[in-house]
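Below is one structure, written out as structure tokens; comments come after it.
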Amino acid sequence: MNVSLNQLEIALQYPNNLSGWHYLRFICAPTCCYQLKYPLVDKIRISFILKRFAELVIGNIMQAYLLWQHMIPTAEAAIKPIRNRDYLQILNLTLTMAVPAAYSWLIMFYCLFHSYLNMWAEITRFADRRFYSDWWNANN
């Protein structure tokens, strides 16, 4: 079968380049950009996956601790001042909630962008691991 270069270029242009396998690979790959081929690593490192999984477990335990020991009691204590419109007490409870909320946000960021996405990238052998670079400054 003799296929000309022009026919091959047409076959690789959108929408002819879409297939179920490409779509499944895009859904599984930890990326926002569709490509026909993603950079891949040669092998899967089980120790790397286990480290990222342990980070996820520890991060979730820390999140649960912050939520149940610091944030929920503060939120429950805020019900009465909110009903009574005690704005000074509401401000005090808001400031009390600020530190655990900030730590919770940082833990979530680390667990999602470092632990989970790197673990999933290792499972799918995805080689591009810059998950939290400054994408808004990208020039290509």
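Residue separation times 0.36 nm, minus the C-alpha to C-alpha distance between THR31 and ALA77: what's the value?
Details: separation 46, 0.36 × 46 = 16.56 nm, distance 4.16 nm.
That pair, THR31 and ALA77, stretches by 12.4 nm at full extension.
Residue by residue, what Karplus-based ³J(HN,Hα) values in Hz, rounded to whole numbers, does region 59-66 have, using 6.51, -1.76 and 1.60 with θ = phi - 60° and x for Gly and Pro?
x, 5, 5, 5, 4, 4, 4, 4
Need the full-extension length gain, ILE46 to THR94, defined as separation in residues times 0.36 nm minus the C-alpha distance. One decimal, nm.
Values: separation 48, 0.36 × 48 = 17.28 nm, distance 4.31 nm.
Extending this stretch completely gives an extra 13.0 nm.
Could you calculate the contour length gain from PHE109 to TRP21, that is, 0.36 nm times the residue separation minus the distance between their Cα atoms, to one decimal place in nm?
Working: separation 88, 0.36 × 88 = 31.68 nm, distance 3.03 nm.
Gain on extension, PHE109 to TRP21, equals 28.6 nm.
Given the peptides 42-49, 91-98, arrange them by the average over their residues of other C-beta atoms within 10 Å, most packed first.
Numbers: 42-49: 10.1, 91-98: 13.9.
Listed from highest to lowest mean packing, they are 91-98, 42-49.
FYI, it's all coordinate maths here, none of it is from the lab. For clarity, every value in this text was computed on a predicted model and none was experimentally measured. Reconstructed Cβ throughout: ideal geometry from the backbone, glycine too, with neighbour counts over all protein chains shown.
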